[in-house]
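The values are calculated or read from the model by the stated rules, or taken from the named source; none is laboratory data. Computed from a prediction, not measured in an experiment: that's the story for all the values here. All Cβ positions, glycine included, derive from the backbone under ideal geometry; neighbour counts span all protein chains shown. Ligands, DNA and RNA are excluded from the accessible area calculation, which covers all protein heavy atoms including side chains. Shrake-Rupley method; radii C 1.70, N 1.55, O 1.52, S 1.80 Å.
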Amino acid sequence: MRFCSKVRMGQLGTLRLSWLSFEYYYMTQRTVGGAAVMAVGIWTLVEKSDYLNILASSTFAVSAYILIFAGGLVMITGFLGFCAIIREQRSCLSAYFSMLLLIFLIELVAGVLAYVYYQRLSEELKQHLTQTLTENYALPGRKHITHSVDRLQQDFKCCGSNSSADWQHSVYILSVESSGRVVPDSCCKTITFKCGKRDHPSNIYKVEGGCITKLEQFLADHLLIMGAVGIGVACLQVSPTLGYCSNSLDPPV
């Protein structure tokens, strides 16, 4: 009888160890996933912040902020969840799984927003980018837009929204401040002072489709990454949880 009791206790100890190892594995997985989500959001805002000034909608930036918030929450929740498992507190585990569901919904919203905005991206750029170039470039109080447009044209080696001819209608080009330029100096292949006075293809970028085509492709690629990371990590976090939630709430004793 005493031997059977010892065997029983040994089996329960093995089950408890297996359960804790299983939980620890998925805690680590979620923490890494949270770090990946947060990294994508930060990378989008830090590396691509100049282009956000050109967009009419804030959906792109909002999606990135949501990913950062959700990623940070995942990492914190993973740590708290592991502590709850070590202490084997049922109430803490229940709260942990509730927070996982909330995080899943937040990441899902970020991913869906990214994909929805992806569908509207082309139309928004066509409507807004030309207006930004012609009405806001190099005007007082629009220094951030001027910097964004200059970087856009240099990074993508393009000139104008659809073509360099768009600059003919620019308030800046038509003003005396342009000093006779026909395009901004940032259109030039090699930037020198007042190089924008000459719009020959040997001097400025002449790209078919202009900056709209290149910026649209660039943003579309990033939106797909943001959407895939948000939705993918959310599903990876919740799917194993649904499978062993009942076991986690009722660990062997």
Completion exercise
Shape descriptors of region 107-176 over alpha-carbon atoms, Rg and Dmax in angstrom, are 14.6, 51
Exercise for the section: Amide H neighbours of ILE204 under 5 Å, at least 5 residues apart or on other chains, H built in the peptide plane: list them. Expected result: LYS189
Fill in the blank from the handout: In terms of the charge dipole of region 64-210, which places +1 on Lys and Arg and -1 on Asp and Glu at the beta carbon, the residue among SER94, HIS144, GLY196 farthest towards the positive end is GLY196
Completion exercise
Between TYR65 and GLU135, Cβ-based FRET efficiency (R0 30 Å, step 0.05) works out to 0.60
Problem - Residue-by-residue Karplus 3J(HN,Hα) for region 220-225, coefficients 6.51, -1.76, 1.60, Hz, glycine and proline x - result: 4, 4, 6, 5, 5, 5
Practice task
Using amide H atoms built 1.01 Å from N in the peptide plane, name the residues 5+ places from ARG198, or on other chains, whose amide H lies under 5 Å from its own.
Solution key: VAL182
Handout entry: Reduced Cα scattering model of region 136-228, Debye log10 I(q)/I(0), q = 0.14, 0.26 Å⁻¹
Key = -0.50, -1.40
Fill in the blank from the handout: In order over region 108-114: 3J(HN,Hα) from phi, Karplus 6.51/-1.76/1.60, θ = phi - 60°, whole Hz, x for each Gly or Pro, gives 5, 4, 4, x, 5, 4, 4
Problem - Solvent-accessible surface (1.4 angstrom probe) belonging to ASP155, in square angstrom, nearest 10 - result: 80
